[in-house]
Amino acid sequence: MTVSTAVRWTSISHPPRAPLAASIARLLFERAVRQIPVRVTYPDGTVLGAGSPGCPEIDVVRPRAFFARLGRDTKIGFGEAYMAGDWRAGPGTDLADLLTPFAARLASLVPRPLQRLRTIVDKRIPAHHENTLDGSRDNISAHYDLSNDLFEAFLDPTMSYSAAWFDETGSTTRTADAGGLEAAQLRKIDGVLDFAGVTAGTRLLEIGTGWGALAIRAAQRGALVTTVTISAEQLALATERVAQAGLSDLVDLRLQDYREVEGEFDAIVSVEMIEAVGEAYWPVYFTTIDRLLAPGGKVSIQAITMAHERVLATKRSFSWIQKYIFPGGIIPSLESIDHTLAAHTTLRVTQRRELGEHYARTLHLWRQQFSEAWPRLNELGFDETFRRMWEFYLGYCESGFRTGYLGLSQLQMTRASAWS
């Protein structure tokens with residue numbers, strides 16, 4: 001697929017005019033960086049921050065625009081300022097290295113008295129982002145239907161758009177190449193399938209097809225796979241990939257919302273799909289799984305998580321990620337998953353595997369490969385604002401996993417009656 005027209009960046013084209021808000025934002029920003037091991041450089045040569053020479057550096061290119069965007073909305077404005085080119089990583093500074101000290105202090109950057117004003121200043125999530133049947137299709141299409149060519153450019157040959165599981169358990173090394181990433185993705189898929197007990201003859205439901213890697217791997221085990229997605233672009237390529245693998249007789253690919261699935265399955269898997277469900281629909285998501293699971297069956301999901309107090313603090317506010325990357329998305333906590341299961345289903349978590357540090361490594365490789373592929377993507381119609389947006393997205397997420405602000409869990413679930 002070729003991108004025929006550039007995305008229109010209505011919030012990026014012109015910085016807001018709010019001098020008082022910009023002045024306040026500058027005071028808060030400069031107060032924060034005096035406590036963080038980074039250096040901030042301004043065009044006039046001024047240097048701020050607690051970092052010594054050699055520490056990660058923010059190069060503020062257009063201070064007036066930068067602080068105007070921060071003043072309008074700190075949570076969204078910082079990323080928008082990067083998209084606009086108002087700031088950049090300084091010479092020799094990796095973007096994720098720069099963002100990591102901020103991610104490590106995300107909950108304390110704003111002075112505590114001002115945090116009480118969150119409910120007043122935070123923008124609310126737009127109503128059209130709600131994950132109704134129609135809303136979910138629009139939200140998923142906004143990201144996953146951008147272009148299969150885009151995702152092929154930076155993913156490994158399995159086309160897995162989720163955390164890999166590297167051989168060095170818990171390693172934070174970021175030197176693996178694309179070949180190592182492919183092996184790690186297959187290891188991750190096998191971990192999910194093993195938790196679900198998938199073997200020859202297993203009737204397997206996958207919620208969230210992606211580009212077919214898990215369905216193919218499960219069918220290679222001899223499973224009878226039903227896999228659903230609401231991304232037309234993903235379905236088209238996944239169907240091709242399943243056919244090329246000679247597994248079409250074992251894999252039923254559907255353009256279908258998980259809530260519309262009927263039948264009974266011995267195993268149900270879902271990889272990094274719950275983040276797109278929306279908090280209001282977590283009970284529906286898990287009750288649907290409970291309804292479809294055969295007696296004695298197992299569930300295996302891979303989920304990005306965050307601390308429960310951060311979920312409670314941020315779940316009603318509109319973030320940069322929601323505006324530009326995953327509309328309608330919200331990351332759960334392990335506590336919220338347990339609570340939802342207990343309140344609405346017969347399912348309970350019976351095994352857990354933590355892979356958060358592996359996601360940091362995965363994201364680093366994706367960002368590296370995206371950068372290398374950029375000339376080709378630019379020719380497809382993606383513009384420089386898109387490039388900076390995608391860089392910020394990948395680097396921002398990498399920093400979150402590096403610091404533990406974000407976590408990643410593979411969870412096995414079985415019915416309470418099976419083990420109580």
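The values are calculated or read from the model by the stated rules, or taken from the named source; none is laboratory data. Keep in mind that this is a model prediction, so the values were computed, not measured. Quick reminder, even Gly has a Cβ in these numbers, built from the backbone with ideal geometry, and neighbours come from all protein chains shown.
Might you check whether a residue that is in contact (Cβ under 8 Å) with a residue 60 or more places away in the chain, more than 29 Å from residue 265 (Cα to Cα) and either hydroxyl-bearing (Ser, Thr, Tyr) or not assigned by TED's automatic domain parsing to the domain that holds residue 139 (or both) occurs anywhere in segment 306-319?
yes
Which of the residues belonging to segment 261-274 are surrounded by 16 or more Cβ atoms within 10 Å (Cβ to Cβ) and not aromatic (Phe, Trp, Tyr)? Show your work before the answer.
Here is the first cut: in segment 261-274, the ones surrounded by 16 or more Cβ atoms within 10 Å (Cβ to Cβ) are 261, 265-274.
If the condition is that a residue be surrounded by 16 or more Cβ atoms within 10 Å (Cβ to Cβ) and not aromatic (Phe, Trp, Tyr), then 261, 266, 267, 268, 269, 270, 271, 272, 273, 274 are the ones that fit.
Determine which single condition residue 338 fails, assuming it passes every other condition in (1) assigned to a helix (DSSP H, G or I); (2) within 17 Å of the chain's Cα centre (by Cα).
(2)
Exactly one condition in (1) of a type outside the set (S, T, N, Q); (2) farther than 23 Å from residue 300 by Cβ; (3) touching a strand residue (DSSP E or B) at 6+ places or on another chain (Cβ under 8 Å) is false for residue 379; which is it?
For residue 379, the exception is condition (3).
From 371, 409, grab the single residue that is in contact with a Lys or Arg (Cβ under 9 Å, 6 or more places away or on another chain), within 30 Å of residue 300 (Cα to Cα) and of a type outside the set (D, E, K, R).
Every option except 409 fails the conditions.
Can you tell me how many residues within segment 141-155 are over 14 Å from residue 370 (Cα atoms), among the aliphatic types (A, V, I, L, M) and not in a loop (DSSP other than H, G, I, E, B)?
1
With the structure loaded, tell me whether residue 367 is charged (D, E, K, R), touching an Asp or Glu at 6+ places or on another chain (Cβ under 8 Å) and at pLDDT 95 or above or whether it fails that test. Reasoning before the result, please.
Numbers: charged (D, E, K, R): yes; touching an Asp or Glu at 6+ places or on another chain (Cβ under 8 Å): yes; at pLDDT 95 or above: yes.
So residue 367 passes the test.
Select from segment 289-320 the residues that are of a type in the set (A, V, I, L, M, F, W, C) and surrounded by fewer than 19 Cβ atoms within 10 Å (Cβ to Cβ) and write down the one among them that is modelled with the highest pLDDT.
Applying the first criterion (of a type in the set (A, V, I, L, M, F, W, C)) to segment 289-320 yields 289, 292-294, 299, 301, 303-304, 306-307, 311-313, 318, 320.
From what is left, the residues that are surrounded by fewer than 19 Cβ atoms within 10 Å (Cβ to Cβ) are 294, 307, 311-313, 318.
Numbers: 294: 98, 307: 94, 311: 90, 312: 89, 313: 84, 318: 85.
Ranking the qualifying residues of segment 289-320, first place goes to 294.
I'm trying to understand the selection: among the residues of segment 378-414, which are out of contact with any helix residue (DSSP H, G or I) (no Cβ under 8 Å at 6 or more places or on another chain) and closer than 24 Å to residue 342 by Cβ?
Scanning segment 378-414 gives a single hit, 414.
Would you kindly identify the helices (runs of 4 or more DSSP H) lying entirely within segment 207-301 that contain at least 2 residues that are under 30 Å from residue 311 (Cβ atoms) and without any contact (Cβ under 8 Å) to a residue 40 or more places away in the chain?
Qualifying helices (runs of 4 or more DSSP H): 282-292.
Please work out which one of (1) in contact (Cβ under 8 Å) with a residue 60 or more places away in the chain; (2) β-branched (Val, Ile, Thr); (3) in contact with a strand residue (DSSP E or B) (Cβ under 8 Å, 6 or more places away or on another chain) is the condition residue 60 fails and give its number.
Against the list (1) in contact (Cβ under 8 Å) with a residue 60 or more places away in the chain; (2) β-branched (Val, Ile, Thr); (3) in contact with a strand residue (DSSP E or B) (Cβ under 8 Å, 6 or more places away or on another chain), residue 60 comes up short only on (1).
Given the criteria in the same structural domain as residue 152 (by TED's automatic domain parsing) and touching a strand residue (DSSP E or B) at 6+ places or on another chain (Cβ under 8 Å), does residue 401 qualify? Give the steps one after another, and end with the answer.
On the way: in the same structural domain as residue 152 (by TED's automatic domain parsing): yes; touching a strand residue (DSSP E or B) at 6+ places or on another chain (Cβ under 8 Å): yes.
Yes; evaluated as a whole, the condition is true for this residue.
Is it the case that residue 388 is within 30 Å of residue 266 (Cβ to Cβ), assigned by TED's automatic domain parsing to the domain that holds residue 162 and not small (Gly, Ala, Ser)? Let's see the steps before the verdict.
On the way: within 30 Å of residue 266 (Cβ to Cβ): no; assigned by TED's automatic domain parsing to the domain that holds residue 162: yes; not small (Gly, Ala, Ser): yes.
Here the answer is no, as residue 388 does not meet what is asked.
Considering segment 302-335 alone, what residues qualify as being of a type in the set (Val, Ile, Thr) and assigned to a strand (DSSP E or B)?
304, 305
Quick check on this structure: which one of 60, 33, 47, 38 is in contact with a Cys (Cβ under 8 Å, 6 or more places away or on another chain) and either over 24 Å from residue 323 (Cα atoms) or of a type in the set (A, V, I, L, M) (or both)?
Working: 60 fails: in contact with a Cys (Cβ under 8 Å, 6 or more places away or on another chain); 33 fails: in contact with a Cys (Cβ under 8 Å, 6 or more places away or on another chain); 47 fails: in contact with a Cys (Cβ under 8 Å, 6 or more places away or on another chain).
Result: 38 is the single residue among 60, 33, 47, 38 that is in contact with a Cys (Cβ under 8 Å, 6 or more places away or on another chain) and either over 24 Å from residue 323 (Cα atoms) or of a type in the set (A, V, I, L, M) (or both).
Matching residues to (1) at pLDDT below 95; (2) over 30 Å from residue 320 (Cα atoms); (3) part of a helix (DSSP H, G or I); (4) among the small types (Gly, Ala, Ser):
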position: 158; (1), (2), (3), (4): no, no, no, no
position: 166; (1), (2), (3), (4): no, no, no, no
position: 188; (1), (2), (3), (4): no, no, yes, no
position: 193; (1), (2), (3), (4): no, yes, yes, no
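Could you tell me which numbered condition residue 340 fails, if it satisfies all but one of (1) touching a His at 6+ places or on another chain (Cβ under 7 Å); (2) surrounded by fewer than 21 Cβ atoms within 10 Å (Cβ to Cβ)?
Result: residue 340 fails condition (1) only.
Tell me, yes or no, whether segment 91-110 has at least one residue that is at pLDDT below 95, more than 18 Å from residue 37 (Cβ to Cβ) and not basic (Lys, Arg).
Within segment 91-110, one or more residues are at pLDDT below 95, more than 18 Å from residue 37 (Cβ to Cβ) and not basic (Lys, Arg).
Could you check residue 372 against (1) over 30 Å from residue 289 (Cα atoms); (2) under 20 Å from the mean Cα position of the chain (by Cα); (3) among the charged types (D, E, K, R) and say which number it fails?
The one condition residue 372 does not meet is (2).
Against the definition (under 24 Å from residue 163 (Cα atoms), within 18 Å of the chain's Cα centre (by Cα) and among the basic types (Lys, Arg)), how does residue 315 come out, yes or no?
Taking the combined requirement at face value, the residue satisfies it.
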